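As structure tokens, the structure follows; a few thoughts come after it.
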Amino acid sequence: MAVTTALHLLFLFFILFVSTSISDAKLRVKPHAFHLSVRKDKATLQYYVNLDMGDPVARNPYVNFFDLVIDLGGRFLWFNCSGYDSTTYHPVRCGSKRCKIAKGTHCLNCNGPIKPGCTNNTCGVEPNNPIQQFVVSGDLAEDVICVSETDGFSSLSDIDVPDIDVPHFLLGCVDPNKFGVTGLLDGLANGTRGIVGFGRTQIAFQTQLVSAFKLPNKFALCLPSSTETGFGDIFVGGGPYFMPPHEEYFIGVKSIKIDGKAISLNSSLLSFDKHGNGGTRLSTVTPYTVLHTSIFKALVDEFVKKAEAKKIKRVKPLGQFGACFDPRNIANTITGPAVPKIDLVFQNERTHYRIYGANSMVKVKNNVICLAFVDGGSEPKSSIVIGGHQLEDTLVEFDLASSQFGFTPSLLLHNVSCSHFRVF
Ligand SMILES: *[C@@H]1O[C@H](CO)[C@@H](O)[C@H](O)[C@H]1NC(C)=O
Ligand SMILES: *[C@@H]1O[C@H](CO)[C@@H](O)[C@H](O)[C@H]1NC(C)=O
Ligand SMILES: *[C@@H]1O[C@H](CO)[C@@H](O)[C@H](O)[C@H]1NC(C)=O
Ligand SMILES: *[C@@H]1O[C@H](CO)[C@@H](O)[C@H](O)[C@H]1NC(C)=O
Ligand SMILES: *[C@@H]1O[C@H](CO)[C@@H](O)[C@H](O)[C@H]1NC(C)=O
């Protein structure tokens, strides 16, 4: 008994000791949750955030605000650090604990002068350009980043409460001049400087925030559909939103229904095989949902049949899309054009993600709207990649502790969206 108590005390002491030693002055304020505003780029349809990085008392406070493209599958944050100036930037040494956490793959040296992206004995990581699908070599470093806190009470469109410095934030710094890297940012939205990765790694953006402040290991996205006005949201560690209880969570799509009728598909495509092929994943850098050819064909066929039944006039397909329609005789509703509804059905038959016209159709030109799904060929890595257009105006939450995600029904049903104006 006495021994147990002593061990308990020792254990408690250990916890207290560890937590005080890693919390420095800036960490003393515990934020409720973090918030980032999301914009959508008109040309690429990518979503990006604006992040305040580096020296918090920079000589010019506006030089280190960077636009970074959101990549749900990205392993960490990386950016073009050519010309980056920050007194709080520190390279991470090869072989160090932080290098191991980041799964550093090599060791980098540089023939001076010393600057971000040019230091010796630096842990090398492999930033990935998700659009062009190549990796480059980058320096792992730590710096301060500044993120807005949000309280648990405001509504989605409320103004944020103060900004918080997150010290020792791990990031990838790539100076394209160092190795003569060309096309580092090719395919990324014009004006952006890199990627903010939300993948399931220890150095992903949200993981570093929740572990620094011991917040719940989750984040949520509300992607805006508008490129012109307003902002969407990312909440890390919780936020001023309410998710229905866990029954809404799911991992895999089991069937697809159109106006209630299941399309016929090869169900083995919907689960992951031993090599991790197949299955469903979500992507913010994929504008429209990409389907395995057989699923794509079945979806288009059934959708066209159901549209014909509704006397919707079909027109010649355009671009990458399989079916297009004349919107002039389609009623416009609060959830977009009144076309057949598409349900992605999960394990539990009662749980489905319903896609209404606003998210299933895209206006391609005057008097032509198309079914916004594309053919991914017969051997795609994932059978279904749910793209940004199908995730907009819905609150999607990723619970990393349970590896599941949940969602609200389309916010449009309540006459609200993920594009709102913000006052700074
Ligand atoms: C990287 O940033 C520097 C400084 O802003 C800029 O001159 C250069 O063109 C950028 N490189 C790429 C590949 O975007
Ligand atoms: C790295 O080390 C080499 C050899 O000692 C030295 O010439 C070079 O200037 C160093 N680079 C930096 C950025 O300090
Ligand atoms: C990218 O943005 C710059 C500055 O905002 C602009 O001058 C340039 O034309 C844009 N390029 C493209 C391809 O849109
Ligand atoms: C279903 O898909 C699996 C995995 O791609 C494939 O091995 C199998 O042959 C397919 N079955 C049919 C009936 O097409
Ligand atoms: C939706 O909201 C807008 C203003 O935000 C309002 O003009 C419109 O009447 C509302 N529509 C419905 C169906 O409530």
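The values are calculated or read from the model by the stated rules, or taken from the named source; none is laboratory data. Bear in mind the structure is a predicted one, so any value in this text is a computation, not a measurement. Virtual Cβ from ideal backbone geometry, glycine too; neighbours counted across all protein chains shown.
Looking only at residues in segment 271-303 that are under 25 Å from Leu223 (Cα atoms) and among the aliphatic types (A, V, I, L, M), which one is farthest from ligand 1 (Cβ to nearest atom)? Among them, the one singled out is Leu299. Hey, among the residues in segment 345-383 that are modelled with pLDDT under 95 and of a type in the set (A, V, I, L, M, F, W, C), which one's farthest from Lys316 (Cα to Cα)? Result: Phe346. Taking the listed residues Ser283, Ser271, Ser378, Ser360, the one that is hydroxyl-bearing (Ser, Thr, Tyr), farther than 24 Å from Phe407 by Cβ and touching a residue at least 12 places away in the same chain (Cβ under 8 Å) is Ser378, with no other qualifying. Within segment 271-293, the residues that satisfy the criterion of being under 17 Å from Asp375 (Cβ atoms) and hydrophobic (A, V, I, L, M, F, W, C) are Val290, Leu291.
Select the strands (runs of 3 or more DSSP E) contained entirely in segment 264-376, then report the ones holding at least 3 residues which are out of contact with any Cys (no Cβ under 8 Å at 6 or more places or on another chain).
Working: elements: 280-282, 289-291, 342-346, 352-355, 361-365, 368-371, 373-375.
Passing ranges, in order: 280-282, 289-291, 342-346, 352-355, 373-375.
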